[in-house]
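Structure first, then comments.
The values are calculated or read from the model by the stated rules, or taken from the named source; none is laboratory data. Remember, it's a predicted structure, so these values are computed and weren't measured experimentally. We work out accessible area using only protein heavy atoms, side chains counted, and drop any ligands, DNA or RNA first. Shrake-Rupley method; radii C 1.70, N 1.55, O 1.52, S 1.80 Å.
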Amino acid sequence: MRKLGIIGGMSWVSTAMYYDRINRIVQKRAAPMASAPLLIESLDFAQLYALREERDWQRAAIVLTESARRLEGAGAEALIIGANSMHRLYDDVAAAVNIPILHIAEYVGMAIKRAGHTNAALIGTRNVMTESFYRKRLVAHGIDLLPPEMAFVEMLDKIIYDELMVGKVTREAQRQMKTIITNMAQDGARAIVLACTELDLVVDVDANVLPVFDSTRIHCEAAANWILDQEGVH
């Protein structure tokens, strides 16, 4: 098996989910006693919280690139960034190391295309929903995306930052997510992308009005495929 590095800490909740899911897939495919060879650097999320200004992102880029270099130096043969929003800094991080980084949106785009969908709505943090760095990766796979509804952007930021990222799950958030997804279906979406690693805590991915593509599940599957050198396996 190949050794994978995880840049985590964009909430410890997300990092724990990555560790758990990747290991479960590897154990299922490799052997009952197998576990994934992972190097994890869990960063202090307080340094990376709700970034808005460009100087904040520049500071975050330094934090992530230094982490990537440490993981490469420790023997990681590839990396993943355990947060959708931090892929805004993907190019900076990729330029800082000599090993591949498995881009979450690329694998999400491939999964949607493989399922035969060409139209979807994106749900995540403000920068994922409104900026181009994530959307353009999906569009490149032939997927039309609904424009972001700003009322939902505000609601989602509150659920994600005030609740999910500190490990809090409420019935109210679950109801709000159902309302958002129902509205997106009425607006013409034919699939939903959960582009925040914690959102499946309040969305039933397998029982919804639309097909739901959970970026965390997809990214973990891609990571396990890479570790097991089974990248053609889906």
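Judged by the ratio a/c of the largest to the smallest principal axis of the C-alpha gyration tensor, the stretch 1-70 counts as prolate, that ratio being 1.5 or greater while a/b is larger than b/c. Dividing the helix sum by the residues of the chain, where each DSSP H run of 4 or more adds -39500 (n - 2.57), gives a mean residue ellipticity at 222 nm of -14000 deg cm²/dmol.
Using a/c under 1.5 as the rounded threshold, could you call the stretch 56-133 rounded, prolate or oblate? The axes a ≥ b ≥ c are square roots of the C-alpha gyration tensor eigenvalues, and prolate needs a/b larger than b/c, oblate otherwise.
Oblate, since a/c reaches 1.5 and b/c is not below a/b.
Its Cα gyration tensor gives the stretch 85-223 an equivalent ellipsoid. The semi-axes, each the square root of 5 times an eigenvalue, are 23, 18, 14 Å from largest down. Each residue of the stretch 215-225 was assigned a 3J(HN,Hα) from its phi angle through the Karplus expression (A = 6.51, B = -1.76, C = 1.60, θ = phi - 60°), giving 4, 5, 4, 5, 5, 5, 4, 4, 5, 5, 4 Hz with x at Gly and Pro.
Of the cross-linked pairs 28/158; 3/136; 3/28, those separated by over 27 Å at the C-alpha level are 28/158; 3/136. Computed from the alpha carbon atoms alone, the convex hull of the stretch 136-189 holds 97 Å³ per residue.
Summarising the amide proton neighbourhood of residue 101: residues at separation of 5 or more, or on other chains, whose placed amide H is nearer than 5 Å comprise 79.
For the stretch 168-211, the convex hull spanned by the alpha carbon atoms encloses 64 Å³ per residue.
Phi angles of the stretch 197-204 translate, via the Karplus equation with coefficients 6.51, -1.76, 1.60 and θ = phi - 60°, into HN-Hα couplings of 5, 9, 5, 6, 5, 10, 10, 7 Hz per residue; Gly and Pro are given as x.
With all protein chains in place and ligands, DNA and RNA left out, the 1.4 Å accessible area ranks 22, 218 as 218, 22, largest first. The long axis of helix 104-114 is offset from the longest Cα principal axis of the chain by roughly 60 degrees.
Tell me, what is the percent relative contact order of the chain, built from C-alpha pairs under 8 Å that lie six or more residues apart?
After rounding, I find 24 percent.
The phi torsions of the stretch 72-77, fed into the Karplus equation with coefficients 6.51, -1.76 and 1.60 and a -60° offset, translate into couplings of 4, x, 7, x, 5, 9 Hz, rounded to whole numbers, with Gly and Pro shown as x.
Probe of 1.4 angstrom, ligands and nucleic acids ignored: what's the accessible area per residue over the chain, in square angstrom?
45
Against the chain, whose longest principal axis is taken from its Cα atoms, helix 171-186 shows a tilt of about 70°. Per the Debye calculation on the chain with a single equal scatterer at every Cα and no solvent contribution, log₁₀ I(q)/I(0) for q = 0.07, 0.15 Å⁻¹ amounts to -0.21, -1.02.
Let me make sure I get this right: for the stretch 159-233, a, b and c are the square roots of the gyration tensor eigenvalues over alpha carbons, sorted descending. Under 1.5 in a/c it's rounded, otherwise prolate if a/b > b/c, else oblate. Which is it? Oblate.
For the chain, which whole-number percentage of the solvent-accessible area (1.4 Å probe, protein heavy atoms only) is attributable to carbon and sulfur atoms?
Carbon and sulfur together cover 49 percent of it.
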